[in-house]
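Working notes, beginning with the structure itself.
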Amino acid sequence: MSHNKAPGLKEQLLAEIPSLRAFALSLAGIADRADDLVQDTLVKAWANADSFTHGTNMRAWLFTIMRNTFFSQYRKARREVQDVDGEAASRLVAMPDQMSHLDFIDFRAELDLLPADQREALVLIGASGFSYEEAAEICGVAVGTIKSRVNRARRRLIERLALQTEDVAETVEAPQPEQSKS
Amino acid sequence: MAMTDDSKDNSEKSSADIGLEPLLQAHIGRKLREFYDSAVREPVPDRFKLLLDQLENDELESVGDKAEGKAEQA
């Protein structure tokens, strides 16, 4: 009789850490806090390994643990430090050389400004590669809710990026671009 | 329109819809994946490997033979 965790659990968890860190950064915004979230997720996953159904998607299971942890424990703290998100992002996120620095930061800033539930849905669908059904299960909501959140996130980002595009055009054409947006 | 899975939100037309939207939609998708993939590609910090080692050690110790657990780690 063995009380050990399923053989290979440690290796499976190790293999998922890169994805967990990316999702955590999406949720928490700041790398230090994101890695604390990863750590809490790993500890909970280890302690609750019995609740994982073998043959199902381990990443989805881990993401569920992570987002539940984030929304129950981290979300309030995130608001308190939101004013330094941009600076932290520029410091802590790996920056591919070929990428425009400003472009990247602008997008990160806009992503971080999305409501947390919309950002979560957008990342799960647009970056993590989950289906709408899987994302709905991870978030514990209906598929239609995920679709709605993703659409609202895209809409908001499009509007913000369009404004930036117009600002750039105005800045080029006129020395005093309007700042009348609320 | 680049949106295929939703028709309700399309009622909220804005200047962004005029010509720019497909480009911005693609831009957003690309930026999102760049952000996410760059995070995925970061090397895993040692703290997580150490954490999993610790969790494994604690468990081995809790189920019985401490010495054997440590020996397996060595």
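The figures follow:
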read-out	value
The stretch A:38-72 residues near the modelled residue B:47 label - backbone nitrogen below 15 Å, point 7 Å along Cα→Cβ	A:38-43
Fully extended contour minus Cα-Cα distance, from residue A:47 to residue A:113, at 0.36 nm per residue	20.4 nm
Computed lengthening from residue A:163 to residue A:145, 0.36 nm per intervening residue step minus Cα-Cα distance	3.8 nm
Using θ = phi - 60° and Karplus 6.51 cos²θ - 1.76 cosθ + 1.60, couplings along the stretch A:124-130 (whole Hz; Gly, Pro as x)	4, 7, x, 10, 7, x, 7
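Each reported figure results from applying straightforward, stated rules to the coordinates on display, with no laboratory input. Predicted model, so just to flag it, every value in this text is computed and none were measured. As a convention, Cβ positions derive from the backbone with ideal geometry for all residues, glycine included, and neighbour counts pool all protein chains shown.
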